[in-house]
1. Read through the list (1) in a loop (DSSP other than H, G, I, E, B); (2) closer than 16 Å to ASN96 by Cα; (3) in contact with a strand residue (DSSP E or B) (Cβ under 7 Å, 6 or more places away or on another chain); (4) among the hydrophobic types (A, V, I, L, M, F, W, C), then give the number of the only condition that LEU4 fails.
2. Can you pull out every residue in the stretch 23-33 that is under 14 Å from the mean Cα position of the chain (by Cα) and within 13 Å of VAL104 (Cα to Cα)?
3. Among the residues of the stretch 19-37 satisfying the criterion of being touching a residue at least 60 places away in the same chain (Cβ under 8 Å) and not in a loop (DSSP other than H, G, I, E, B), which is farthest from ASN73 (Cα to Cα)?
4. Only residues in the stretch 88-102 that are closer than 12 Å to ALA49 by Cα count as the first member; pair them with residues that are of a type in the set (Asp, Glu), Cβ under 9 angstrom, at least 6 apart or cross-chain, and list the lot.
5. Given (1) open to solvent by 60 Å² or more (accessible area, probe 1.4 Å); (2) touching a Pro at 6+ places or on another chain (Cβ under 8 Å), where does ALA35 come up short, assuming only one miss?
6. Report yes if GLN13 is closer than 18 Å to ASN96 by Cβ, out of contact with any Pro (no Cβ under 8 Å at 6 or more places or on another chain) and open to solvent by 60 Å² or more (accessible area, probe 1.4 Å), otherwise no.
7. Mind checking which residues of the stretch 44-74 are among the charged types (D, E, K, R), assigned to a loop (DSSP other than H, G, I, E, B) and either open to solvent by 60 Å² or more (accessible area, probe 1.4 Å) or on the phi > 0 side of the Ramachandran plot (or both)?
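The values are calculated or read from the model by the stated rules, or taken from the named source; none is laboratory data. Bear in mind that the values here come from a model prediction, so they are computed numbers and not experimental data. Don't worry about glycine lacking a Cβ; one is built from the backbone with ideal geometry, like all the others, and counts go over all protein chains shown. Note: accessible area is taken over every heavy atom of the protein model, side chains too, but ligands, DNA and RNA are not part of it. Shrake-Rupley method; radii C 1.70, N 1.55, O 1.52, S 1.80 Å.
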Amino acid sequence: QVQLVESGGGSVQPGGSLRLSCAASGSIFRFNTMAWYRRAPGEPHEIIARSRSGGSTNYADSVKGRFTISRDNAKDTVYLQMNSLKPEDTAVYYCNKDPPDLKVWGQGTLVTVSS
């Protein structure tokens, strides 16, 4: 059974940093492109960063230069380092494959950026 467990969210002031983690079980991680998504209230999931199994990455324009995705294939874990956080980054953050497996969304981790 595939499971995705996100952690590391919290409340920070603008300009702060957080590091999110996503532990994957089952077969979802290996050889797949993994991605971080976020969903602000009333909005659909937005893909913000992806990490291909070969190591290449890319980012949405809204987070480029501030967020860094990385993965540890031995631990089936994907990370998101978020720097220079802005109030508009406030959302619930999720990981999943790209394209996402709609049956296996985790509970997400809430990031709130506010002064």
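1. Only one criterion in (1) in a loop (DSSP other than H, G, I, E, B); (2) closer than 16 Å to ASN96 by Cα; (3) in contact with a strand residue (DSSP E or B) (Cβ under 7 Å, 6 or more places away or on another chain); (4) among the hydrophobic types (A, V, I, L, M, F, W, C) is unmet by LEU4, namely (1).
2. Result: ALA23, ALA24, PHE29.
3. TYR37
4. Hits for this filter: TYR93/GLU6; TYR94/GLU6; CYS95/GLU6.
5. (1)
6. So GLN13 fails the test.
7. Within the stretch 44-74, ARG52, ASP61, LYS64 meet the criteria.
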